[in-house]
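Have a look at the structure below before the remarks.
Bear in mind that the values in this text are calculations on the coordinates, not laboratory data. Please read all numbers here as calculations on a predicted model, not as lab measurements. Virtual Cβ from ideal backbone geometry, glycine too; neighbours counted across all protein chains shown.
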Amino acid sequence: MKIAKVRLSWLASISDDVVRQNLSIVINSGAPTNVELVPSAEEFILDIPEKSQVNVSLTASDTVNTSKAATLDFEVPDLAIPAAPVGLFFEILEVNDAPEV
C-alpha cells in the first residue's frame with residue numbers, strides 16, 4: 001500500500017474578527033479528526049492511504065458565531081498511476097453592500 005502526503009490549502013477568512021479555524025477530516029467514513037487552527041492558517045499537511053475517500057470541512061469562528069463550512073470531498077486514487085491535476089478553487093475577494101434599487 002502507498003501513502004500520499006496531501007496538502008489541504010485554502011484562503012483564510014477575510015473577516016477581521018476570526019479567532020480560530022476548525023478543520024474536520026474524515027477518511028473512509030471513519031471517526032473525524034478535528035484540528036483547531038489559528039485564524040491565519042492556510043494549509044494543513046497529512047498522510048492519507050491510497051484508494052481513500054476523504055471528506056474535509058473547514059469553518060471560521062469569532063467569539064460568538066461560526067461560519068458556514070467550506071467543504072471538500074476527494075479520493076486519493078490508486079497511486080500506481082499518474083496523479084490528476086489538483087488545485088481548482090474559487091475565492092471571494094471582497095464583501096460589499098449591494099446597491100439599492
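General observations
For every residue, the table says whether it meets (1) touching an Asp or Glu at 6+ places or on another chain (Cβ under 9 Å); (2) among the aliphatic types (A, V, I, L, M); (3) more than 21 Å from residue 79 (Cα to Cα).
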| site | (1), (2), (3) |
| --- | --- |
| 15 | yes, no, yes |
| 20 | yes, no, yes |
| 28 | no, no, no |
| 31 | no, yes, yes |
| 53 | yes, no, no |
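- Any hit, region 77-84, residues being among the acidic types (Asp, Glu) and either over 23 Å from residue 47 (Cβ atoms) or more than 17 Å from the chain's Cα centre (by Cα) (or both): yes
- For beta carbons closer than 6 Å, sequence separation of 6+ or different chains, a first residue in region 20-31 that is of a type in the set (Gly, Ala, Ser) and a second that is surrounded by fewer than 16 Cβ atoms within 10 Å (Cβ to Cβ), the qualifying pairs are 24/32; 24/34.
- Qualifying residue in region 5-19 (condition: under 11 Å from the mean Cα position of the chain (by Cα) and of a type in the set (S, T, N, Q)): yes
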